[in-house]
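**Student:** To start, I am sharing the structure in question, which I have written as structure tokens.
Here, each number is a calculation from the coordinates, and none is a lab measurement. Only a predicted model underlies this, so the values are computations on that prediction, with no experimental measurement involved. Methodologically, a virtual Cβ is constructed for each residue, glycine included, from the backbone with ideal geometry; neighbour enumeration extends over all protein chains shown.
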């Protein structure tokens, strides 16, 4: 029965053929017309592929007055092809549906080109539901719909709030008023904004369909990989936990760079898909080696005990659309206190107006990093020359997003003592003391 339902259901791609300078206006505002057009074209191609693979009848309804040769070439078999008339979205949709009713007596299921995450299984289930319900709606996260279908005539659609967050609710209400039974599919997502693209970039990693992988490659060109570098010295478990969290949140690649080779850690990294390297030199040298390990993407340097926000990856991607480098707002991990808050304010003021330090999760475009000369090959204050360069010669800004910083050293040494000691080290560094000698004092403390 399920196969019969699919064979009788007409799958309709109701869309606007991509043209440079039109469509996806909110994405174009963030990324520019060229990028928006490229993304729109890939999503359109993915929707055409769904149409070509549909085992039942299919139709293509474009908003353009004619269907050009490129679209014909993309169709692998005979479809019903028609142009949408003029008028509002609702009027065009209703007119197309009436035309299709005269050519196909079975159920009609409509998709657009802006929901590439929907699987073919999702479409098949929707078609099967039209055996039991008069209408099927797939609510979008933003209140619209990603899919709609019926086996009857639609109610009047012209004056519904198309393109708003009230559409699904209004469409369901209109169907129920006409006495139609309605089945709502699970909530899914469409693509209209930069935040949608960031979500799409993450979800497509698990989608093996060819067109979806082509779309992912396009997104990677526009929103490059984020590659995290984590230097490690005797904090294996903490570094592994951070690495796993980063991968689950969308970090593309993670490198743990150890101060000496550690077979158990190397094996654990291999099993988790984490890069592992060892380097016996000082911290600055290890960080620089870790940065140069990657050949493309954006770099993100993290302490092993850092606690990045769940939005950190997306925040980095968005930030680097306008800037070359940046860091996060310093925030102590754990419960807050007046003393912590005061110290955080002082540190963030210093980071904004003078120098940020490595515990603030520095991130930078790879080519910008290479051009800067990279981290100093020193055991302490290795980031200072780099961040000074970035602030003077590139577009650098601190995000408002916090990054959790371990309080371990402050709790061990005492908050006042640790703070004063850190300031004393900075004064001595600025006065010309070598990072090597200062590192010994920092370690002893």
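**Student:** Any idea what diffusion coefficient region 356-413 gets from Stokes-Einstein, in µm²/s, Kirkwood Rh on alpha carbon pairs, 4 °C, 1.567 mPa s?
**Tutor:** My calculation gives 101 µm²/s for D.
**Student:** Which order, highest average first, do 93-104, 419-430 follow once you tally other Cβ atoms within 10 Å for each residue and take the mean per peptide?
**Tutor:** Averaged packing, sorted descending, gives the order 93-104, 419-430.
**Student:** In whole angstrom, how long is each semi-axis of the equivalent ellipsoid of region 206-274, when you take the square root of 5 times every eigenvalue of its Cα gyration tensor and sort them from largest down?
**Tutor:** Working: eigenvalues 164, 30, 18 Å².
One finds semi-axes of 29, 12, 10 Å for region 206-274.
**Student:** Apply 1/(1 + (r/R0)^6) to the Cβ-Cβ distance of residue 333 and residue 295, taking R0 = 30 Å, and write down the FRET efficiency to the nearest 0.05.
**Tutor:** Between residue 333 and residue 295 the formula returns 0.35.
**Student:** Further, regarding this structure: Please sort 152-164, 393-405 by packing, taking for each peptide the average over its residues of neighbouring beta carbons within 10 angstrom, highest first.
**Tutor:** For the peptides 152-164, 393-405, the packing ranking is 393-405, 152-164.
**Student:** So for region 225-406, averaging the separation of alpha carbon pairs under 8 Å that are six or more residues apart and normalising by length, what relative contact order in percent results?
**Tutor:** 28 percent
**Student:** While we're here: Quick one: length gained pulling residue 322 to residue 349 fully straight, 0.36 nm per residue minus the C-alpha distance?
**Tutor:** Computed gain between residue 322 and residue 349 is 7.5 nm.
**Student:** Evaluate the distance, in nm, between pseudo-label points positioned 7 Å from the Cα of residue 423 and of residue 440 along their respective Cα→Cβ axes.
**Tutor:** It works out to 2.6 nm between the two label points.
**Student:** I'd like the per residue volume of the convex hull spanned by the Cα atoms of the chain, given in cubic angstrom. All intermediate terms of the calculation are to be shown ahead of the outcome.
**Tutor:** Details: hull volume 78.4 nm³, N = 445.
So the per-residue hull volume is 176 Å³.
**Student:** For the pair residue 156 and residue 182, what calculated FRET efficiency results from E = 1/(1 + (r/R0)^6), where r is the Cβ-Cβ distance and R0 = 22 Å, to the nearest 0.05?
**Tutor:** Approximately 0.85, to the nearest 0.05.
**Student:** Here is a follow-up. Could you calculate the FRET efficiency of residue 310 with residue 101 from 1/(1 + (r/R0)^6), where r is the beta carbon distance between them and R0 is 60 Å, rounded to 0.05?
**Tutor:** Rounded to the nearest 0.05, the efficiency is 0.80.
**Student:** Tell me, in nm to one decimal, what length is gained between residue 238 and residue 341 on full extension, where the rule is 0.36 nm per residue of separation less the Cα-Cα distance?
**Tutor:** 34.6 nm
**Student:** Find how much the distance from residue 52 to residue 25 grows on full extension, using 0.36 nm per residue of separation minus their present alpha carbon separation; answer in nm with one decimal.
**Tutor:** Length difference between fully extended and current span is 6.9 nm.
**Student:** Once you place label points 7 Å from the Cα toward the Cβ at residue 433 and residue 63, how far apart are they in nm?
**Tutor:** For the pair residue 433/residue 63, the computed spacing is 6.6 nm.
**Student:** Here is a further query. Order the peptides 337-343, 247-253 from the highest to the lowest mean number of other Cβ atoms within 10 Å of their residues.
**Tutor:** Packing order, densest peptide first, comes out as 247-253, 337-343.
**Student:** Let me check against my output: what whole-number percent is the relative contact order of the chain, with C-alpha pairs under 8 Å and at least 6 apart?
**Tutor:** Here the relative contact order equals 11 percent.
**Student:** Kindly list the residues of region 314-353 that lie in the label zone of residue 195, defined by a backbone N under 13 Å from the point 7 Å along the Cα-to-C-beta vector.
**Tutor:** 314-315
**Student:** In whole angstrom, how long is each semi-axis of the equivalent ellipsoid of region 225-406, when you take the square root of 5 times every eigenvalue of its Cα gyration tensor and sort them from largest down?
**Tutor:** Working: eigenvalues 111, 73, 52 Å².
Each semi-axis is the square root of five times an eigenvalue, giving 24, 19, 16 Å.
**Student:** Which of these, 368, 311, 121, has the largest mean-square fluctuation under a Gaussian network model of the chain (Cα springs below 10 Å)?
**Tutor:** Taking springs between Cα atoms under 10 Å, the residue moving most is 121.
**Student:** What 222 nm value per residue comes from the helices of the chain, counting each DSSP H run with n ≥ 4 as -39,500 (n - 2.57) and dividing by all residues, nearest 500 deg cm²/dmol? The partial results should precede the final answer.
**Tutor:** Numbers: 19 runs with 207 residues, N = 445.
Rounded to the nearest 500, the figure is -14000 deg cm²/dmol.
**Student:** Explain nothing, just the number: relative contact order of region 320-445, from Cα pairs under 8 Å at least 6 residues apart, as a whole percent.
**Tutor:** Worked out over region 320-445, it gives 35 percent.
**Student:** Kirkwood hydrodynamic radius, computed over distinct alpha-carbon pairs, for region 2-214: how many Å, to one decimal?
**Tutor:** 17.5 Å
**Student:** Let me ask you something else. Where the centre of each part is set by its Cα atoms, how far does region 89-123 sit from region 246-313, in angstrom?
**Tutor:** Cα centroid of region 89-123 versus Cα centroid of region 246-313: 47 Å apart.
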